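The values are calculated or read from the model by the stated rules, or taken from the named source; none is laboratory data. No experiment lies behind these values; they were computed from the predicted model shown. Note that we place each Cβ from the backbone using ideal geometry, even for glycine, and neighbour counts take in every protein chain shown. Accessible surface areas use protein heavy atoms only, side chains included; no ligands, DNA or RNA. Shrake-Rupley method; radii C 1.70, N 1.55, O 1.52, S 1.80 Å.
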Amino acid sequence: MPMPMPAATTTGTAAHPVLRVPAAAPAEAAAHFRAALRFQTDVSDVAAALGSGDPGCVVLDCRSTASWNQGHIPGALHLPTALIPERAAQLLDPSVPVVTYCWGPACNGATRAALALAELGYRVKEMIGGFEYWVREGFAHETEQGTERRDADPLTAPATEACGC
């Protein structure tokens, strides 16, 4: 049986490393997280959408050609961020949402690509985790040598049960 959490107190909050800035009120927090989900998706949700046969979006890899050749999500469109202004209209249907991705959490390329697309009038989300977490969760990816799949990293995708997120 889980241990109950102690009641939060305001005593000593100024010195508390987590609560130096107080947590938002529940309604404010709900609005923030609801808004965040309008801008982001994760690799598991993208994989489920692509596996459904009707993903309802275009998955866009915004990395360099060398990075694309090293490995990419099957079915993704390759359009480096720098080429978005000149090529997006030729490659993307403005009525279909776009999901951008780059290398991983330490790379903001997907954010920059999403911004460029939004400024051109596209509906867009960023896939958090990027290609790194796609591979770490054990999803198939394409390389110059063909389709590959690595075992899932147990820290990102437990083998015995779904995340429950």
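Which length gain, in nm to one decimal place, applies between ALA89 and ALA24 when the Cα-Cα distance is subtracted from 0.36 nm times their residue separation?
In short, 19.3 nm is gained.
Which value, in debye to the nearest 20, describes the size of the charge dipole of the chain about its Cα centre when Lys and Arg Cβ atoms bear +1, Asp and Glu Cβ atoms bear -1, and nothing else is charged? Kindly include the intermediate steps, with their values, before the conclusion.
On the way: 11 positive and 17 negative charges, 102 e Å.
Computed about the Cα centre, the dipole is about 480 debye.
Tell me the label only: which of (i) 1.09; (ii) 1.07; (iii) 0.96 is Rg/Rh (Cα atoms, Kirkwood Rh) as calculated from this structure?
(ii)
Check VAL99: other-chain or 5+ apart residues with amide H under 5 Å from its amide H, H built from backbone geometry?
Answer set, sorted by chain and number: VAL58, VAL59, LEU60, LYS125.
Could you work out the local net charge near GLY138, counting Lys and Arg as +1, Asp and Glu as -1, over the other residues with Cβ closer than 9 Å to its Cβ? The partial results should precede the final answer.
Details: positive: ARG136, ARG149, ARG150; negative: GLU137, ASP151, ASP153.
With Lys, Arg at +1 and Asp, Glu at -1, the neighbours total 0.
With all protein chains present, how much of the accessible area of the chain (probe radius 1.4 Å) comes from carbon and sulfur, to the nearest whole percent? Don't skip to the answer; put the middle values down first.
Working: 6360 of 10730 Å².
The value for the chain is 59 percent carbon and sulfur by accessible area.
Using θ = phi - 60° and the Karplus relation 6.51 cos²θ - 1.76 cosθ + 1.60, list the HN-Hα couplings for segment 139-150 in order, rounded to whole Hz, with x at every Gly or Pro.
3J(HN,Hα) across segment 139-150, in whole Hz: 7, 5, 9, 9, 10, 4, 8, x, 7, 10, 8, 9.
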